[in-house]
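Worksheet: the structure to be examined is printed underneath.
The values are calculated or read from the model by the stated rules, or taken from the named source; none is laboratory data. Because the structure is a prediction, the values reported are computed rather than measured. In this analysis, Cβ positions are derived from the backbone assuming ideal geometry, glycine residues included, and neighbour counts consider all displayed protein chains. Each accessible area value is taken on the protein alone, full model and side chains, heavy atoms only, with ligands, DNA and RNA left out. Shrake-Rupley method; radii C 1.70, N 1.55, O 1.52, S 1.80 Å.
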Amino acid sequence: MKIGIISDTHDHLVNIRKSVDIFNKENVDIVIHCGDFVSLFVIKEFEKLNAKIFAVYGNNDGEKGKLKEWLKNINSENKIDEYLTFEVDSLKFFILHGTNKEVLDAIIGSKKYDVVVYGHTHERIFKKIDNVIVINPGECCGYLKGIGTIGIFDTDSKEYREIKL
């Protein structure tokens, strides 16, 4: 299964549209959004996505209740919360925004999850820590690093492909 991974969209409509197009062309089944949609109006762009969205709130997300409602209106299978856990192809995932490094490190260190995905730092990361795959897709918006990035994770091969927008 292919899982699209995106974070820190920060209202950048052009890059959100590019990301949705890429995820649709790649036929991803799930898109993980690691937080910081920021404004509600960006949710309209995700209506074009042909995949379920599993998302977490970021530190810049306001109107959390409306954000949840709007995502559910797109697809009743969409999920959003402070953190999410789920299993796909026998892989246990933990998703969080990553504002608290101690919590992030504790989750990785617990070794209860096969894949931990987070955002917040805008730093692109794909590495293994004690057999836990750790992914941060960087920033979709490109505001801090000068380049927007997203990723696609293949649950069969456990390979991650970074895509520059």
Of Lys127, Lys72, Lys111, Lys79, which residue is within 12 Å of the chain's Cα centre (by Cα) and more than 19 Å from Asp11 (Cα to Cα)?
-> Lys79
For residues that are aliphatic (A, V, I, L, M) and surrounded by fewer than 18 Cβ atoms within 10 Å (Cβ to Cβ), tally how many sit in segment 135-162.
-> 2
Of the residues in segment 1-27, those that are in a helix (DSSP H, G or I), closer than 18 Å to Ile74 by Cα and open to solvent by 40 Å² or more (accessible area, probe 1.4 Å) come to Leu13, Arg17, Asp21
Restrict the check to segment 110-131 and report whether at least one residue is part of a helix (DSSP H, G or I) and farther than 17 Å from Ser19 by Cβ.
-> yes
Answer yes or no: is there a residue in segment 117-131 that is closer than 24 Å to Glu102 by Cα and in contact with a His (Cβ under 6 Å, 6 or more places away or on another chain).
-> yes
Using the structure shown, decide if His33 is over 14 Å from the mean Cα position of the chain (by Cα) and under 26 Å from Gly146 (Cβ atoms).
-> no
Out of the residues in segment 95-109 that are in a helix (DSSP H, G or I) and not β-branched (Val, Ile, Thr), state the one that is surrounded by the most Cβ atoms within 10 Å (Cβ to Cβ).
-> Leu104
Of the residues that sit in segment 110-121 and are surrounded by 12 or more Cβ atoms within 10 Å (Cβ to Cβ) and not hydroxyl-bearing (Ser, Thr, Tyr), which one is farthest from Pro137 (Cα to Cα)?
-> Lys112
Out of Ser90, Ser110, Ser7, which single residue is touching a Gly at 6+ places or on another chain (Cβ under 9 Å) and either without any contact (Cβ under 8 Å) to a residue 40 or more places away in the chain or among the small types (Gly, Ala, Ser) (or both)?
-> Ser7
Which pairs have Cβ atoms under 7 Å, sit 6 or more apart or on different chains, and link a residue in segment 34-49 that is touching a residue at least 24 places away in the same chain (Cβ under 8 Å) and over 15 Å from Gly4 (Cα atoms) to one that is crowded, with 18+ Cβ neighbours inside 10 Å and charged (D, E, K, R)?
-> Asp36/Asp8; Asp36/Asp61; Phe37/Asp61; Val38/Asp61
